[in-house]
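Taken together, the values in this text are just the output of simple stated rules run on the coordinates, not laboratory data. Only a predicted model underlies this, so the values are computations on that prediction, with no experimental measurement involved. Because the Cβ atoms are built from the backbone with ideal geometry, glycine has one as well, and the counts that use them run over all protein chains shown.
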Amino acid sequence: MFKKIMIALAVVLAPSFIYAQSRPYFGVRASFDVTHPSGANEGINNGSGFTFTGIYNLPISRNAYFEPGVGVFYNTMGLNPIEYENGYFDGSIRNAGIRVPLNVGYRVELFNGFELAGFTGPIFNFNLATNTHLNPNFQTPDPVDLPTMFDYGWHHFDAQWGFGISATFQQQYYIAISGGIGMSSMATFKTPDSKDRLRRNSISVSVGYNF
């Protein structure tokens, strides 16, 4: 009986596996990112940046797919005027690292050569560099030896939950708009009275090419 059930399942699922094995592909994506930090009032504001990602699209049925990726990102965030070395400076935080999205999606072909898809999944950010950049104010010497933000509560890892929609033309040209909501803290700022956590929220516009 068990053997018959397994044979029946194989017959039912075989078309999906054949389809999945015949259509995987690699692709590249370039994204313009807007980052909105939230969750702590530490004078850190919205900023922008970019991400370059390589993906592997693996169909798991006729319309559903799994798409892992790995890329590099460079994001900035604004910083309210701060006092440093006896002067007040405007500045920014410059954050760079490796980004790993793991998306599951569902696509629909509207007409020949044009597909729309919706996708969602976790995004893992591995922060390799997070530095403060202060602009000269022409009243005091330019600041030197600025500390890394890792010394002030910034984490080497944070995670988001991503979601978005995409369009593909002629199975090769790709455009998407997506967002990410912070699931874990990007930074934790401790004071004697409180512990404030900063999370990374983002919106991205992407273009790409499928090989």
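Just a few scattered comments:
- Unit Cα scatterers, Debye sum, region 24-210: log10 I(q)/I(0) for q = 0.08, 0.17, 0.18 Å⁻¹: -0.32, -1.03, -1.11
- A simple rule links phi to the HN-Hα coupling: the Karplus curve 6.51 cos²θ - 1.76 cosθ + 1.60 with θ = phi - 60°, which for region 45-62 gives 10, 4, x, 10, x, 8, 9, 10, 10, x, 10, 10, 9, 10, x, 10, 7, 5 Hz, with x for Gly and Pro.
- Maximal additional length on extending the residue 167-residue 152 stretch stands at 1.3 nm, based on 0.36 nm per residue less the C-alpha distance.
- Taking a Cβ cut-off of under 14 Å around residue 58, the surrounding Lys, Arg, Asp and Glu residues balance to a net charge of +2, with basic ones at +1 and acidic ones at -1.
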